[in-house]
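Below is one structure; the comments refer to it alone.
The values are calculated or read from the model by the stated rules, or taken from the named source; none is laboratory data. What you see is a predicted model, and the numbers here were worked out from it, not measured in a lab. Here the Cβ positions follow ideal geometry from the backbone for every residue, glycine too, while neighbour counts run over all protein chains shown. To get the accessible areas, we keep the full protein, side chains included, count just its heavy atoms, and leave off ligands, DNA and RNA. Shrake-Rupley method; radii C 1.70, N 1.55, O 1.52, S 1.80 Å.
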Amino acid sequence: MSHLILIGYMGAGKTTVGKECARQLGRAFEDTDYLIEKKAGKTVSRIFETEGEFAFRRMETEVLLQLESTSDSKVIATGGGLPLRKENREILKRLGIVVYLEVKTETVMERLKGDTTRPLLQYSDREQRIEKMLRERDGAYRLAADLVISADGKSPEQIFKELERLTGGKL
Ligand code: S3P
């Protein structure tokens, strides 16, 4: 099944861009965080609190495996840490075209100002943490991706157009 999958760090715009792509392509939109929350009956923050990050990472793999068996072609936004597991990167490759939305620390800081829903960013040294995680994760994102698009300062419409151009209208 050829889905369009968006990966990248928190605040990269995977959900907003994903919804725009789904609208333009007339496809259904899915978000792995949302699917996990629905299945677990609690928020991502609550899952981290009560069951821990490891359990959440396991749920990400389960949800990906489920998406593999859907019959229609969807647009899928993923949680920022999902491509870090090799197992997940392999499933992503099978799922379809994987697009890495690359962003700078400044963009993440600006977009997630005041956000309380990301457990990994609820610390006073947020900026340093983002910088470090972006550095650590970039390699895994690139390994998982078929295409890389810089998302800083771009609207969802602009990113969709760029994506169409890069894929030669074969989305
Ligand atoms: C995470 C990103 C979040 C969510 C969880 C962990 C991460 O998703 O899955 O808080 O490890 O980067 P978004 O990228 O949609 O914010």
Antiparallel versus total DSSP beta bridges in the range 1-141: what percent is that, nearest 5? 0 percent
What's the long-distance tail for the chain, i.e. % of Cα pairs beyond 23 Å? 36 percent
Taking only protein heavy atoms and a 1.4 Å probe, what accessible area per residue, in Å², does the range 58-106 have with all protein chains in place? 41 Å²
Classify the range 85-171 as rounded, prolate or oblate, taking a ≥ b ≥ c as the square roots of the eigenvalues of its Cα gyration tensor: rounded when a/c is under 1.5, otherwise prolate if a/b is larger than b/c and oblate if not. oblate
What 222 nm value per residue comes from the helices of the chain, counting each DSSP H run with n ≥ 4 as -39,500 (n - 2.57) and dividing by all residues, nearest 500 deg cm²/dmol? -16500 deg cm²/dmol
Considering only the other residues whose Cβ falls under 13 Å of the Cβ of GLU87, what net charge follows from Lys and Arg at +1 and Asp and Glu at -1? +3
Please give me the summed charge of the neighbours of SER71: other residues whose Cβ is under 14 Å from its Cβ, Lys and Arg +1, Asp and Glu -1. -1
15 Å Cα-Cα reach of LYS170 towards aspartates and glutamates, excluding residues that sit fewer than 8 places from it in its own chain: ASP146, GLU162
I'd like the carbon and sulfur percentage of the solvent accessible area for the chain, probe radius 1.4 Å, heavy atoms only, ligands and nucleic acids excluded. 50 percent
Only Lys, Arg, Asp and Glu count, each charged at its Cβ (+1, +1, -1, -1), so figure out the dipole size of the chain about its Cα centre, rounded to 20 debye. 180 debye
Going by Cα centres, the range 90-109 and the range 44-81 are how many Å apart? 15 Å
With +1 at each Lys and Arg Cβ and -1 at each Asp and Glu Cβ, the charge dipole magnitude of the range 1-87 around its Cα centre, to the nearest 20 debye, comes out at 120 debye
Under a GNM of the chain (C-alpha, springs under 10 Å), which listed residue has the highest mean-square fluctuation: ASP31, ASP125, ASP152? ASP125
Say the dipole of the range 94-145 comes from +1 at the beta carbon of Lys and Arg and -1 at that of Asp and Glu; which of VAL103, GLY114, TYR141 then lies farthest toward its positive end? TYR141
All other residues with a Cβ under 14 Å from the Cβ of PRO156 taken together, and with Lys, Arg as +1 and Asp, Glu as -1, what is their net charge? +1
Of the options SER69, GLN128, GLY81, report the single residue whose Cα projects farthest towards the positive end of the charge dipole of the chain (beta-carbon charges: Lys, Arg +1; Asp, Glu -1). SER69
